[in-house]
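**Q** My questions will all concern the structure given below.
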């Protein structure tokens with residue numbers, strides 16, 4: 001055998017050493033294997049906890065970002081509202097100035113040009129009058145319903161607390177005062193009560209000689225609504241239950257927009273008006289002297305010129321039934 005062939009074949013002495021070396025490396029790998037497996041398992045076990053913490057941190061960051069964005073949008077909305085109000089007032093102010101200038105020019109022209117004096121005087125008067133109307137009858141600032149409801153709720157709670165402290169009845173009687181053209185809300189002290197006189201009802205705490213006429217008398221919340229309705233209604237106030245029911249429900253839906261629906265049923269013989277309210281935006285059935293029921297009672301009391309007892313029965317959310325009762329004999333008179 002040549003030297004080259006002998007060099008290509010490993011000797012018998014080198015083979016055991018290589019086998020021993022390979023066996024040592026295999027034992028080493030087997031020894032490290034469990035440790036590596038354990039480390040891998042522990043990493044797998046701990047990774048979900050780390051992921052949860054990261055998700056929680058991301059959620060907190062997202063909530064904080066949303067809250068900041070909402071606050072920023074609210075500030076921007078308020079700024080835009082103020083800007084819109086300023087622009088609207090400025091527009092009406094400029095229009096009033098232009099009309100006033102035209103009116104003054106017309107009056108001056110009437111002095112300078114006698115042949116067309118009558119026409120210029122009329123044009124000047126129209127310009128001055130239009131300027132005054134534009135300046136003082138421009139749209140007013142509106143208050144959100146939630147703000148008004150919050151303010152009214154505090155006063156209603158105070159009245160309800162007084163009624164509870166005095167141990168008065170739950171009956172509410174709306175009594176017209178023809179002399180002062182208004183209505184007073186009377187809450188009697190006794191179940192079997194008698195109505196005080198108009199003069200006695202002008203006091204807040206009615207302390208009459210007869211105990212059955214004692215109680216609390218306040219101005220109903222519906223009085224202000226009735227005065228606004230009286231200024232804006234078309235035609236005279238009705239004198240029969242049917243007309244009054246139609247006028248009052250139309251005002252609640254169309255004029256004041258306090259409710260979405262108001263369906264009325266009248267029973268003249270029984271002296272009863274029932275109005276089913278839907279989508280009430282101001283007050284609730286549990287509110288003392290709630291404005292919707294108060295306005296209905298005040299309107300009926302003024303129209304029929306008779307005391308009206310009112311009951312409010314809650315149904316679903318923002319829905320309730322208002323029942324107004326009066327003496328049928330008084331209605332017929």
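The values are calculated or read from the model by the stated rules, or taken from the named source; none is laboratory data. Remember, predicted model here, so these are calculated numbers, not experimental data. Note that we place each Cβ from the backbone using ideal geometry, even for glycine, and neighbour counts take in every protein chain shown.
**Q** Answer yes or no: is there a residue in region 174-190 that is out of contact with any helix residue (DSSP H, G or I) (no Cβ under 9 Å at 6 or more places or on another chain) and either more than 30 Å from residue 93 (Cα to Cα) or at pLDDT below 90 (or both).
**A** No: zero hits.
**Q** Look at residue 272 and say whether it is under 21 Å from the mean Cα position of the chain (by Cα), surrounded by 15 or more Cβ atoms within 10 Å (Cβ to Cβ) and touching a residue at least 40 places away in the same chain (Cβ under 8 Å).
**A** No.
**Q** So residue 153 clears everything in (1) touching a residue at least 24 places away in the same chain (Cβ under 8 Å); (2) in a loop (DSSP other than H, G, I, E, B); (3) closer than 30 Å to residue 280 by Cβ except one condition, right? Which one?
**A** Every condition holds for residue 153 apart from (2).
**Q** Ok, one more. Is it true that residue 208 is in contact with a helix residue (DSSP H, G or I) (Cβ under 8 Å, 6 or more places away or on another chain) and modelled with pLDDT of 95 or more?
**A** no
**Q** Could you tell me how many of the residues in region 290-314 are buried (at least 22 other Cβ atoms within 10 Å of the Cβ), over 18 Å from the mean Cα position of the chain (by Cα) and either free of Cβ contacts under 8 Å to residues at least 12 places away in the same chain or farther than 17 Å from residue 245 by Cα (or both)?
**A** Residues in region 290-314 being buried (at least 22 other Cβ atoms within 10 Å of the Cβ), over 18 Å from the mean Cα position of the chain (by Cα) and either free of Cβ contacts under 8 Å to residues at least 12 places away in the same chain or farther than 17 Å from residue 245 by Cα (or both): 0 in total.
**Q** Residues 265, 257, 317: which one is surrounded by fewer than 19 Cβ atoms within 10 Å (Cβ to Cβ), touching a strand residue (DSSP E or B) at 6+ places or on another chain (Cβ under 8 Å) and either in a helix (DSSP H, G or I) or without any contact (Cβ under 8 Å) to a residue 60 or more places away in the chain (or both)?
**A** Result: 265 is the single residue among 265, 257, 317 that is surrounded by fewer than 19 Cβ atoms within 10 Å (Cβ to Cβ), touching a strand residue (DSSP E or B) at 6+ places or on another chain (Cβ under 8 Å) and either in a helix (DSSP H, G or I) or without any contact (Cβ under 8 Å) to a residue 60 or more places away in the chain (or both).
**Q** Follow-up. For a quick check of your reading of the model, give me the residue pairs whose first member lies in region 113-126 and is touching a residue at least 40 places away in the same chain (Cβ under 8 Å) and on the phi > 0 side of the Ramachandran plot, whose second is surrounded by fewer than 13 Cβ atoms within 10 Å (Cβ to Cβ) and in a helix (DSSP H, G or I), with beta-carbon atoms closer than 6 Å and at least 6 apart or on different chains.
**A** If the second residue must be surrounded by fewer than 13 Cβ atoms within 10 Å (Cβ to Cβ) and in a helix (DSSP H, G or I), no pairs are left.
**Q** So, in region 214-240, of the ones that are out of contact with any helix residue (DSSP H, G or I) (no Cβ under 7 Å at 6 or more places or on another chain), in contact (Cβ under 8 Å) with a residue 24 or more places away in the chain and not in a strand (DSSP E or B), which residue ends up surrounded by the most Cβ atoms within 10 Å (Cβ to Cβ)?
**A** 214
**Q** Can residue 248 be described as assigned to a helix (DSSP H, G or I), in contact (Cβ under 8 Å) with a residue 40 or more places away in the chain and either touching a helix residue (DSSP H, G or I) at 6+ places or on another chain (Cβ under 6 Å) or more than 15 Å from residue 309 (Cα to Cα) (or both)?
**A** So residue 248 passes the test.
**Q** Could you check residue 279 against (1) farther than 20 Å from residue 184 by Cβ; (2) buried (at least 23 other Cβ atoms within 10 Å of the Cβ); (3) out of contact with any helix residue (DSSP H, G or I) (no Cβ under 8 Å at 6 or more places or on another chain) and say which number it fails?
**A** Residue 279 satisfies every listed condition except (2).
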